[in-house]
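First up is the structure itself, then whatever we jot down about it.
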Amino acid sequence: MNYLSTSCLAFSIIVSFHCSKKNDSDNSGNTAILADTNKTSLNNESVFSKPTIVRDHGTVAVILPPSMKEVLTHYDSTFRIWGYDDYTERIKELDLIDTSDNHSPFALIVDANGDGIADVILAGRNDTSDQILCILSEGNGYSVMKIEDYGILPDPKTEEHYDEGEKEYGLNTCLGLFRFEKSARNPVFEVKIPQESDSNGNLLNDGAIITYYFENGTFVRESEVL
């Protein structure tokens, strides 16, 4: 299979994972962006001057500093990061394998453009579609770059997936840090799609890993079907 067909197949796997039923009243992920001084069990009034992923008693959230929140709101005030409970238990288990503090299924803290300043990759939604964005350092501030727009709005409460034949509900794709040796191409992160089989052992999808590189000021993807 050539690269183009592999890439298209992997991208279509992501889209097919999401149901096309739109639920505008769903507020999934609204609590994932937390104000820097919110009184929550996750940050306890602490002020964060840089992006931080916080874990507390099975709950995970990304805390954005005011400068990042401001540029994200200006870019799209309707954008909401997916919440930890929007994901399947299988994705949560995969997330726990990595013990570093700069990742979650819906947010990654990376230096995408290599300027020594932390950037953030976010998986979330606006009022119409599932998206991946990057809040990217730019001079003395930040800009928002759209990496993916899948064109459909999944409802985690009704999305059916299988883990070793057991049905579960939720989003079954996740962000992941690139863990292999860095190259001149600057691989930044991955989107992971687990392979699935139903209760009868029938293969439902092959699964895929999509690697994103930052090249010439933009993100480029390369796909590998499992």
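Are any of the pairs K69/K146; K69/K192; K69/K92; K50/K157 more than 22 Å apart by Cα-Cα distance, and if so, which?
K69/K192; K69/K92; K50/K157, as the Cα separations exceed 22 Å there.
For the stretch 96-199, applying the loop criterion from DSSP together with a ceiling of 13 other beta carbons within 10 Å to the chymotrypsin sites (Phe, Trp or Tyr not before Pro) yields F180. For the stretch 106-226, the relative contact order is 16 percent, taking Cα pairs closer than 8 Å that sit 6 or more residues apart in sequence and dividing their mean separation by the residue count. Distance between the C-alpha centres of the stretch 51-79 and the stretch 195-215: 28 Å, rounded to the whole angstrom.
Values quoted throughout were computed directly from the atomic coordinates according to the rules given, and no laboratory measurement underlies them. Just so it is clear, the model here is predicted, and its values are computed rather than measured. Every residue, glycine as well, gets a Cβ built from its backbone with ideal geometry; the counts of neighbours run over all protein chains shown.
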